[in-house]
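Okay, structure first, notes after.
The values are calculated or read from the model by the stated rules, or taken from the named source; none is laboratory data. Quantities reported herein were computed from a predicted structural model and do not represent experimental measurements. Here Cβ is always computed from backbone atoms with ideal geometry, including for glycine, and neighbour counts include all displayed protein chains. What goes into the accessible areas is simple: the full protein's heavy atoms, side chains included, and nothing from ligands, DNA or RNA. Shrake-Rupley method; radii C 1.70, N 1.55, O 1.52, S 1.80 Å.
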Amino acid sequence: VDGSNDAIWEWDIKEDKFFMSNKLNIIKRSSIYTNIDENKRYFSKIIKEEDYKNIIEKFKEILYKNQNYINVECKILDKFKCENWFNIKGKALRDSEGNVIKIAGSITDITDRKKSIKKIEDLAYNDSLTGLPNRAAYLRDIDNIIQNVKKDNKIGAIIFLDIDNFKNVNDTLGHDYGNELLKKVNKRISNILTYNEKFYRLGGDEFIIVQCGSYNEKDIELLADNILKLFNKAFIIKNERVYTTVSLGISFFPKDSCDQSVLLK
């Protein structure tokens, strides 16, 4: 137990006693109770509610449904109220009649692994310049969005836009100005979008807004008009006023097609 990297726990079902090694104090940087009833209350406070319910269900499956293993990832708050990821594993020991005598296992801090996975996902699915979801994210999401809109008998739309004469900004003012312009375009458009629209940067000066379901085409056309109006005002970049416009096209789904490549064309 002392030599383990993980916290070791054991629940004696017959005696209703709970043991937790002190290693959890180290990996979680806080104290923990040793009485089983206190532990129940303690974990209900520090584990996210949805994760706690999942853990309880897993224990019920061991106790009442002849399952032998528990393997759950959950978020636990440390003493600074910061979320950390832990992997709780366990195995049941049964008597000759199949009744659970004990459940024992480990608690492993997997916060660093979760952060690494998230970083990889961010690099794969987010544009490094603007922070917007990228083309890969668009391709990942679009088919599900189309199917959900179709199922709800709504109207969705793909709004494709690119910045007019963007190359001139890069050629005359430099790429730093061009990059800043892309960031400011992202910010200005994002400010008028709702939870029902998803905003992607395909690359260069090309963007896509996916409208995720409306009952009226006019609402989508109004959104497009509002986007065009955003470019009536200059963008201030390093004390320079940069004026630009945007070209924009719309395709509706499922009216025009349910194939994302056809809609994009």
key: Formal net charge of residues neighbouring N239 (Cβ-Cβ distance under 14 Å; K, R +1; D, E -1)   = 0
Count of Lys pairs (Cα-Cα under 21 Å; at least 8 positions apart or interchain) in region 121-225 = 13
note = Placing each pseudo-label 7 Å from Cα in the direction of the beta carbon, E206 and Q67 end up separated by a distance in nanometres of 4.6 nm
remark   = Over the Cα atoms of the chain the radius of gyration and the largest Cα-Cα distance (Dmax), both in Å, equal 26.8, 83
inquiry  = Quick query: amide H of F253 versus all other amide H atoms, modeled in the peptide plane; which residues come in under 5 Å with a sequence gap of 5 or more or a different chain?
reply    = G156, A157, I158
ask   = Which value in Å does the Kirkwood hydrodynamic radius of region 42-135 take, with 1/r averaged over all unlike C-alpha pairs and then inverted?
value = 15.6 Å
query = Pairing the Cα long axis of helix 135-151 with the longest principal axis of the chain, what angle in degrees results, from 0 to 90 and rounded to the nearest 10?
reply = 90 degrees
Calculated FRET value between K255 and T194, using beta carbons and R₀ = 22 Å, to 0.05 = 0.55
remark   = Under the 7 Å Cα-to-Cβ spin-label approximation, S4 and D95 lie apart by a distance in nanometres of 2.5 nm
ask   = Which far-off residues, 5 or more places away or on another chain, put their amide H under 5 Å from the one on K102, with H placed in the peptide plane?
value = I13, L93
query = By the gyration tensor of its Cα atoms, with a ≥ b ≥ c the square roots of the eigenvalues, what is the shape of region 163-265: rounded for a/c under 1.5, prolate for a/b over b/c, or oblate?
reply = prolate
ask   = Is it possible to state the helix-based mean residue ellipticity at 222 nm for the chain, with each DSSP H run of 4+ residues giving -39500 (n - 2.57), the sum divided by total residues, to the nearest 500 deg cm²/dmol? What is it?
value = -12500 deg cm²/dmol
note = At R0 = 35 Å the Cβ-Cβ FRET efficiency linking F80 and H175, nearest 0.05, sits at 0.25
message = Test of understanding: what is the full-extension gain from N54 to D122, defined as 0.36 nm times their sequence separation minus their Cα-Cα distance?
response = 21.8 nm
inquiry  = Rounded to whole Å, give me the distance from the Cα center of region 48-118 to that of region 1-17.
reply    = 13 Å
key: Rounded tilt (10° steps) of 36-46 against the dominant C-alpha axis of the chain   = 10 degrees
message = Rounded to the nearest percent, how much of the accessible area of region 225-265 (1.4 Å probe, protein heavy atoms only) is carbon and sulfur?
response = 47 percent
Average accessible area per residue (Å²) across the chain - probe 1.4 Å, nucleic acids and ligands excluded = 60 Å²
inquiry  = I'd like the orientation of helix 217-229 relative to the chain: the angle between its Cα long axis and the longest Cα principal axis, in ° from 0 to 90, rounded to 10.
reply    = 70 degrees
task = Quick one: pull the percent of accessible area on region 48-164 belonging to carbon and sulfur, 1.4 Å probe, ligands and nucleic acids left out.
result = 48 percent
